[in-house]
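See structure below.
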Amino acid sequence: GESVGLHLPTLSVQEGDNSIINCAYSNSASDYFIWYKQESGKGPQFIIDIRSNMDKRQGQRVTVLLNKTVKHLSLQIAATQPGDSAVYFCAETLNDYKLSFGAGTTVTVRA
Amino acid sequence: DTAVSQTPKYLVTQMGNDKSIKCEQNLGHDTMYWYKQDSKKFLKIMFSYNNKELIINETVPNRFSPKSPDKAHLNLHINSLELGDSAVYFCASSIRNEQFFGPGTRLTVL
């Protein structure tokens, strides 16, 4: 199996609500984690990243949380909008070059 | 102003044929990659080049051969195409950590 995976393959969320997308990883040596967003027909797009020496990082409407004790990563999206509908991937790496991607969570925003 | 571009966007071909996918980046990045995304959306790295040198070569059949004529280009040539090669292929480039992906090439082998 892969070292990075997501708990849920799909997530349906009401517009305006907050979204939480979870990811579990098994390689405790990974030191860098990234969340990507992939819209239909497009390539993955970088959202936010976090190093293993941090446990929280905030961006614009997004927050990534890292819990190294249980090897868990999450992406929180505040006030989810229709444009947030996409597949979200977490990825991990040991050496900044070779990314290992999880299976992805498909987020659908309900109007 | 396209960052990472790929051609063609769609490629439909018969089993046994040889085809190439081209990738170019105008970001000035040193490192480029090829990924394969299967029908379940799972993304897996295939190759990576840094300054035209191969640095990552995953367990990929030798029918797949990447070629990097210069730092801005990384092409993927596939010989003797098989049904299982049908997928979306993404090129990416990076400087340090953040990888920028191209729009993808959907390859369909009939």
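Every number in this text was worked out from the coordinates using simple rules, so none of it is lab data. For clarity, every value in this text was computed on a predicted model and none was experimentally measured. Heads up, the Cβs are rebuilt from the backbone with ideal geometry, glycines too, and the neighbour counts pull from every protein chain shown.
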| task | Give me the distance in nm between label points sitting 7 Å out from Cα along the Cα-to-Cβ direction at residue B:58 and residue B:38, one decimal. | result | 1.1 nm
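What is the magnitude of the charge dipole of chain A about its Cα centre, with +1 placed on the Cβ of each Lys and Arg, -1 on the Cβ of each Asp and Glu, and no other charges, expressed in debye to the nearest 20?
I would put it at about 100 debye.
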| task | Starting from the Cα-Cα distance between residue A:55 and residue A:20, subtract it from 0.36 nm times their residue separation and give me the gain in nm to one decimal. | result | 11.0 nm
| field | Packing-based ranking, highest mean first, of B:54-66, A:20-32, B:93-105 given that Cβ atoms within 10 Å are counted | value | B:93-105, A:20-32, B:54-66
| What is the P(r) of the protein assembly as shown, as percent of Cα-Cα pairs per 10 Å bin from 0? | 8, 33, 35, 20, 5, 0
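Using the C-alpha atoms of segment A:64-111, what convex hull volume per residue, in cubic angstrom, is computed?
Working: hull volume 4.8 nm³, N = 48.
With only Cα atoms used, segment A:64-111 gives 100 Å³ per residue.
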| Per the Debye formula with a single identical scatterer at each Cα and no solvent contribution, what log10 I(q)/I(0) holds for chain A at q = 0.12, 0.18, 0.21 Å⁻¹? | -0.37, -0.83, -1.12
| Assuming R0 = 22 Å, what is the FRET efficiency of residue B:13 and residue B:70, from their Cβ-Cβ distance, to the nearest 0.05? | 0.25
| request: In debye, nearest 20, what is the charge dipole magnitude of the protein assembly as shown about its Cα centre with +1 on Lys and Arg Cβ and -1 on Asp and Glu Cβ, if you could check? | output: 120 debye
| Distance histogram in 10 Å bins (all Cα pairs of chain B, percent per bin) | 16, 51, 29, 4
